[in-house]
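Structure first, commentary second.
The values are calculated or read from the model by the stated rules, or taken from the named source; none is laboratory data. As the structure is a prediction and not an experimental result, all values here were calculated from the model. Here the Cβ positions follow ideal geometry from the backbone for every residue, glycine too, while neighbour counts run over all protein chains shown. Ligands, DNA and RNA are stripped out before the accessible areas are found, and what is left, the full protein with its side chains, is counted by its heavy atoms. Shrake-Rupley method; radii C 1.70, N 1.55, O 1.52, S 1.80 Å.
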Amino acid sequence: MLDPKLLRTEPEAMARGLARRGFVLDVKAYSALENRRKELQTRMEQLRNERNTRSKEIGMAKGKGQDTGPLMTKVADLGSRLGSAEEGFRKVETELETLQLGLPNILHDSVPEGRDETANQEVRRWGEPKHFDFTPRDHVDMGAARGLMDFESAAKISGARFVVLKDALAKLHRALIQFMLDVHTREHGYEEVYVPYMVNAETLRGTGQLPKFSEDLFALKGEQDYFLIPTAEVPVTNLARNEILEADSLPRRYVAHTPCFRAEAGAAGKDTRGMIRQHQFEKVELVQMVRPEDSYQALEELTGHAEKILQKLELPHRVVALCAGDTGFAAAKTYDLEVWLPGQKRYREISSCSNCTDFQARRMQARWRNPETGKPELLHTLNGSGVAVGRALIAIMENCQDKNGHIHVPPVLHNYMGGVTVI
């Protein structure tokens with residue numbers, strides 16, 4: 001959520017910032033709503049003060065044995081007018097909150113201009129795509145040929161956009177998870193956490209998925225309103241909700257492995273082949289909570305931590321700075337990591353690393369105590385995949401294949417595979 005004070009005092013500047021995304025803020029309508037809120041607030045205070053004054057007069061009149069009927073009539077009328085003002089105030093407050101919750105974050109000045117992914121800017125590359133002396137197959141053909149990737153059974157069990165992994169491929173999937181957790185905890189200093197996969201609506205509002213992206217979520221039926229998490233970012237970041245963290249405990253660095261569940265409501269017809277875009281997939285997620293002045297340096301470090309996984313796996317990839325129109329709702333700046341997939345002959349996203357500044361923290365009231373002032377201030381929150389497990393799996397399958405359809409396991413995973421080096 002954006003700072004309401006800035007929206008009140010600098011609406012034109014905020015509108016210009018939002019316009020970089022292609023988002024139009026109706027400044028006139030917003031200001032009118034804000035002015036109406038102020039009027040009703042002033043009116044409520046006046047009526048409450050007048051009611052208190054009349055109540056005191058009634059008490060004094062009773063003490064003197066005077067007729068209090070006329071005064072009681074006036075108090076009743078004041079109560080009715082106050083109730084009407086309070087109802088109007090609540091309505092305006094709700095309208096303002098709904099509008100504010102629908103506003104995306106203000107972008108950092110360094111974010112490239114542009115309306116869509118075609119304007120994203122490559123920052124750097126690591127590794128060169130391997131030259132094959134045969135036509136490389138994609139992960140679907142490779143998995144099906146060995147019977148290790150079964151989309152038909154998954155469709156029977158659940159429907160489209162699911163998969164059953166078998167035998168050595170399932171083991172490789174599990175090995176990747178443990179490898180990533182070990183690297184991030186042992187080398188990068190993250191604290192591993194295990195979190196719920198079901199969360200309430202307040203948690204999703206805190207990180208920005210609700211109310212705007214409700215169609216992308218899986219809501220559970222039952223006595224309580226639960227949602228399946230779309231990413232571990234949601235429960236992990238909310239660990240700081242309604243908390244005041246001490247300065248000496250920062251930065252907080254968390255890593256969590258969870259399944260992720262996404263309805264992909266706006267993805268009809270996209271990436272229907274294979275494991276690229278599924279309703280259920282696994283991620284190892286990185287979350288940081290830092291002092292505001294440290295957040296952009298933290299973004300560079302977090303992105304580097306995710307890159308290190310791909311480097312250790314010897315997977316060619318590139319880092320891309322997302323343009324204004326392609327940056328996510330809660331992010332002020334995002335880097336995408338894209339891994340090379342020979343089967344598709346293109347780079348595909350495997351991680352998004354974002355600095356959300358104080359956008360999520362304001363929604364969650366996640367704060368830290370500034371030792372210089374002794375007062376609570378909003379944290380800055382960051383998140384990134386470290387990395388998406390399924391996409392790492394298919395990247396290994398396609399980059400590490402030979403002409404016989406065998407998959408050569410990256411050396412860093414040999415121990416995690418019990419010594420298996422070829423699938």
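Results, tabulated for the structure shown:
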read-out: Residue within region 319-327 that is under 25 Å from LEU181 (Cα atoms) and not polar (S, T, N, Q) present; value: yes
read-out: Residue that is nearest to ALA175 (Cα to Cα), among those in region 284-334 that are in contact with a strand residue (DSSP E or B) (Cβ under 6 Å, 6 or more places away or on another chain) and among the basic types (Lys, Arg); value: ARG318
read-out: Residue satisfying condition, being closer than 22 Å to ARG391 by Cα and open to solvent by 20 Å² or more (accessible area, probe 1.4 Å), within set LYS308, LYS333; value: LYS308
read-out: Total residues in region 5-38, condition surrounded by 14 or more Cβ atoms within 10 Å (Cβ to Cβ), of a type in the set (D, E, K, R) and without any contact (Cβ under 8 Å) to a residue 40 or more places away in the chain; value: 1
read-out: Tally of residues being over 20 Å from THR357 (Cβ atoms) and either touching a Lys or Arg at 6+ places or on another chain (Cβ under 7 Å) or outside any loop (DSSP other than H, G, I, E, B) (or both) across region 100-122; value: 5
read-out: Test for GLU377: is it open to solvent by less than 30 Å² (accessible area, probe 1.4 Å), among the charged types (D, E, K, R) and over 23 Å from ALA232 (Cβ atoms); value: no
read-out: Test set (1) open to solvent by 70 Å² or more (accessible area, probe 1.4 Å); (2) more than 30 Å from MET289 (Cα to Cα); (3) in contact with a Leu (Cβ under 7 Å, 6 or more places away or on another chain); (4) not aliphatic (A, V, I, L, M) - GLY143 fails condition number; value: (1)
read-out: Residues of region 259-299 satisfying the condition of being of a type outside the set (D, E, K, R), buried (at least 16 other Cβ atoms within 10 Å of the Cβ) and closer than 16 Å to ALA331 by Cβ; value: LEU286, VAL287, GLN288, MET289, VAL290, SER295, TYR296, ALA298, LEU299
